[in-house]
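The values are calculated or read from the model by the stated rules, or taken from the named source; none is laboratory data. Computed from a predicted model, the values in this text were never measured in an experiment. Quick reminder, even Gly has a Cβ in these numbers, built from the backbone with ideal geometry, and neighbours come from all protein chains shown.
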């Protein structure tokens, strides 16, 4: 059996609001509560389990998507007037990064987590 990442815990001051926001941006289903988690079902094999946290470091979460999904996600970011940028850190320049022949952008949520959407992986050449 191949190894697959099943779920990731995403600490949040307000798990329901954070999960709902990410689910709406990605246009994926979510549940208000399963056990003590608020899950976002990214795809058939990956769940983001938002959990209540009082003190935590920010994390970086990145999703690789095709061009059509990118356009849809980016459209929802712009429609919701969410500040975004072309680099992981720095000012929200409202620009796309066109490195490696693809497109990507970043935004920071209320908990300080950095989210990224890209079309070409810079971590996996040729993917």
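Inspect all residues belonging to segment 50-57 and state whether any of them is under 21 Å from residue 82 (Cα atoms), in contact (Cβ under 8 Å) with a residue 24 or more places away in the chain, assigned by TED's automatic domain parsing to the domain that holds residue 7 and not in a loop (DSSP other than H, G, I, E, B). I'd like the intermediate steps shown before the answer.
Looking only at segment 50-57, we keep the residues that are under 21 Å from residue 82 (Cα atoms), and these are 50.
Imposing the further condition that a residue be in contact (Cβ under 8 Å) with a residue 24 or more places away in the chain reduces the set to 50.
Applying the additional criterion that residues be assigned by TED's automatic domain parsing to the domain that holds residue 7 yields 50.
If we keep only those that are not in a loop (DSSP other than H, G, I, E, B) too, we end up with 50.
Yes, segment 50-57 contains a residue that is under 21 Å from residue 82 (Cα atoms), in contact (Cβ under 8 Å) with a residue 24 or more places away in the chain, assigned by TED's automatic domain parsing to the domain that holds residue 7 and not in a loop (DSSP other than H, G, I, E, B).
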Seminar exercise, completed: Reported set for segment 52-79 where residues are over 18 Å from residue 106 (Cβ atoms) and in contact with a strand residue (DSSP E or B) (Cβ under 6 Å, 6 or more places away or on another chain) is 53, 56
Exercise. Within segment 59-77, is there a residue that is without any contact (Cβ under 8 Å) to a residue 40 or more places away in the chain, loosely packed, with under 15 Cβ neighbours inside 10 Å and part of a loop (DSSP other than H, G, I, E, B)?
Worked result: no
Exercise. For segment 38-47, does any single residue satisfy the condition of being in a helix (DSSP H, G or I), in contact with a strand residue (DSSP E or B) (Cβ under 7 Å, 6 or more places away or on another chain) and either crowded, with 21+ Cβ neighbours inside 10 Å or modelled with pLDDT of 95 or more (or both)?
Worked result: no
Seminar exercise, completed: Per the list (1) surrounded by 14 or more Cβ atoms within 10 Å (Cβ to Cβ); (2) closer than 19 Å to residue 8 by Cβ; (3) touching a strand residue (DSSP E or B) at 6+ places or on another chain (Cβ under 6 Å), residue check on residue 82 breaks on (2)
Problem set entry | Verdict on residue 93 being in a loop (DSSP other than H, G, I, E, B), out of contact with any helix residue (DSSP H, G or I) (no Cβ under 7 Å at 6 or more places or on another chain) and surrounded by fewer than 16 Cβ atoms within 10 Å (Cβ to Cβ) | yes
Problem set entry | Those residues of segment 1-31 which are touching a strand residue (DSSP E or B) at 6+ places or on another chain (Cβ under 8 Å) and loosely packed, with under 13 Cβ neighbours inside 10 Å, in sequence order | 6, 29
Exercise. So is residue 110 surrounded by fewer than 13 Cβ atoms within 10 Å (Cβ to Cβ) and touching a strand residue (DSSP E or B) at 6+ places or on another chain (Cβ under 7 Å) or not?
Worked result: no
